[in-house]
Every structure is written in structure tokens, then in C-alpha cells.
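**Student:** Below you'll find the structure I mean.
The values are calculated or read from the model by the stated rules, or taken from the named source; none is laboratory data. The structure displayed is predicted, hence computed values, not measured ones. Methodologically, a virtual Cβ is constructed for each residue, glycine included, from the backbone with ideal geometry; neighbour enumeration extends over all protein chains shown. Surface areas here come from the heavy atoms of the whole protein model, side chains and all, with no ligands, DNA or RNA. Shrake-Rupley method; radii C 1.70, N 1.55, O 1.52, S 1.80 Å.
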Amino acid sequence: MQQTKNTSQATRRQRMNVEDRREQILDATRDMVDAEGFYAVTLDRVAGECGITRTVIYQQFGNLSDLLLAMVDREYERAARSFDSAAERAPAKGQSRYGAGVAGMLEAVDASPATWRMLLMPSQGGPPELYIRLEQGRALARAHFADALEKEGMSSSSRANPDSELAVHMLLAVSEELVHLRLTDPEAYTTERLIAQAEWLFKAMFPG
């Protein structure tokens, strides 16, 4: 019975198409980084996890550095798409655009915590491009926050912040901390608690 099961699993691995195999390798690499850090990743370990040979990884990605870079780029693109969707979310009644964005962002974090841990809490040994992507992500977030403030009418005389550029940086710092708390202790820092605090802070910064 066990032999039949192993044979069936081997057959499924052999039938996996190129794109699915690529995703499998990237998933295994990401999960290994999430569990043990970048230094734990080797081609032999990834190949063993996927039930393939090193040759398959060479064919798909080249060397280990190229594999790690491909994984980082994929996860960054996924996070960026999630952030774009969160930023475009229409606020509920009584909710600010910032609060709506935080809610969407936390949903994305819960859907793929390994991605957000790698990008916002990177372990040592990652490729240099990881930190470049992190700064690109922060620039994207700042642009979205500035747009949200404009749409909220924060440039009006009654609600204007004396330093809108600094306000955007503060919102980014708060958002990163909310995500960090959610990733490190989700039971204590529920999404409801974090969203409520985001709304409170936003209204404190922009009363009226």
C-alpha cells in the first residue's frame, strides 16, 4: 500500500508542468526562509523538499542566488498587488480611507504572513535586492498615503496638517508597526483592535 502511494506521488511530481514546478520550488524556498532564515536555504534542501534533483532547479533558476532573487521578486509583486488593492478599498460608513487601507492590508497579511514577514522582518543573508524592494514598497506606501490624505480633504484649511510630508511618514511608520504586531502576536493584536487604533490615531492627527 505504501509503495503504491509513493509511486502515485512520484507520478504526480513527474506530470507537473514547468510553471507549476517553478511555483512549487519558489514556495518551498519561501517557506524555508520563513521557518529558518535565508542562510538555511540550499539547493539540495529545496530539491529534497520538492522531490526533484538539483538539475531541475538549475534549469529553472540557475544558481542559489538567482533562486532567492526570483522568490523575493515574486513575493514583493504579490505584496505590492495586495497593497494596491487595500489602498483602493472604499471606506465603510464612518471609516477613513486610511482605516480602510489598514483593514485591507491586514487581510493581506493574514492571507500570506510568510510574505510580509520576509519583507518587513527580513532575516540575515537575504539578497541585496530584498532591501531595495523594501524601500520600493515604502515609496509605494507613501504615495498611496499622500493620495488618501488628498482624497480625504486634508489639504483644506480646517483640517490641514502643518507638515503633510511628515504626516505621510508617520502614517507609514504606524502601518508598519501594526503589521509587525499582527505578525508577531495575532492573538493579542486582533485586526479589530489594530484597525480601531489606526482610526483613533488618524482622527487625532486630523481632527475636525
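**Student:** Could you please let me know if residue 52 is farther than 25 Å from residue 131 by Cα, more than 22 Å from the chain's Cα centre (by Cα) and surrounded by 19 or more Cβ atoms within 10 Å (Cβ to Cβ)?
**Tutor:** The answer is yes for residue 52.
**Student:** Can you work out which of the residues in the range 163-183 that are over 15 Å from residue 134 (Cα atoms) and touching a residue at least 60 places away in the same chain (Cβ under 8 Å) is surrounded by the most Cβ atoms within 10 Å (Cβ to Cβ)?
**Tutor:** Only one residue tops the list, namely 171.
**Student:** Same structure, new question: Just checking: which of the helices (runs of 4 or more DSSP H) contained wholly in the range 52-166 hold 1 or more residues that are over 17 Å from residue 34 (Cα atoms)?
**Tutor:** 54-61, 64-87, 97-111, 128-151
**Student:** Also, I was wondering about something else. Is one or more of the residues making up the range 184-202 within 20 Å of residue 37 (Cα to Cα), open to solvent by 40 Å² or more (accessible area, probe 1.4 Å), modelled with pLDDT of 90 or more and among the acidic types (Asp, Glu)?
**Tutor:** yes
**Student:** In the range 136-151, is there at least one residue being among the polar types (S, T, N, Q) and open to solvent by 50 Å² or more (accessible area, probe 1.4 Å)?
**Tutor:** yes
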